[in-house]
């Protein structure tokens, strides 16, 4: 039972976010390079450890608030299943393991980006998450850094591996997800659930969510047209995925959480799988 509590503390369902580390190796046409793919996969495992360490530190910092939260009170530390001291040692172990894997298989640049990821998230956990708008840009920054860790892991120069349009697409999508999460929290829990929600209002969040959704589609379309592959034909599917996500974003059970929204909708999961399959066909002719 204790092992299950530590696994819960790691939040394994959020490992899905770290799949972004594979974006550079896929879209640089190196997916069939087994050495690069192995390096990125091991760095993916390392990043999952590091991200879990950040989650553990965040749960330690939010111990008192989580106990009063209708959803977060079930987290192991808030529920009294794991002590804060044990969680801190576990976080240290996760950080050490994660950085060791990335340093060995990803190199110095990937390690540097991983360190920036940790610093950004620690600043977010202790201070920046209480500052409206800045909090969502911090979340977006974490997504972008995942991409750059993946780019560094395959040994390419960053400005070559990650194009400007891809960078803008990931940034816009990340902001879309972050502001969407805040909108869901404000809608379902009200301003009393999070200090930062007092700096938002529903009109602003609704408008910014739809704006980020729109520019995400535009940036993706521009990225797709810039390449030599027929990825432009995936744009209608991307529009569908964004629209379906927007439809689900007010689900009372999701609290705006992207992972919960995705895993609770089979149609959305199916659309994402089709998008992945089409990407492989268009990029690699498989």
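Assorted remarks:
- Rg/Rh for the chain stands at 0.96; both radii use Cα atoms, and Rh follows the Kirkwood definition.
- For the range 16-90 and the range 163-242, distance of Cα centres in Å: 22
- The overall shape of the range 85-142, judged from the alpha-carbon gyration tensor, is oblate: a/c is not under 1.5, and a/b is no greater than b/c.
- By the count of neighbouring beta-carbon atoms within 10 Å, fewest first, 231, 2 end up ordered 2, 231.
- Computed log10 I(q)/I(0) for the range 1-82 at 0.20, 0.22, 0.25 Å⁻¹: -0.85, -0.95, -1.13, from the Debye equation with unit scatterers placed on every C-alpha and solvent omitted.
- Ranking of 154, 273, 134 by neighbouring Cβ atoms within 10 Å, starting from the fewest: 273, 134, 154.
- Rounded, prolate or oblate (a/c below 1.5 giving rounded, otherwise prolate when a/b exceeds b/c) for the range 197-286 by Cα gyration tensor: oblate
- Sorted by Cβ neighbour density within 10 Å, fewest at the top, the residues 74, 34: 34, 74
- Shape call, the range 1-162: gyration tensor on alpha carbons, a/c limit 1.5: prolate
Taken together, the values in this text are just the output of simple stated rules run on the coordinates, not laboratory data. Source: prediction; values computed, not measured. Ideal geometry is used to build each Cβ from the backbone, glycine not excepted, and the neighbour counts take in all protein chains shown.
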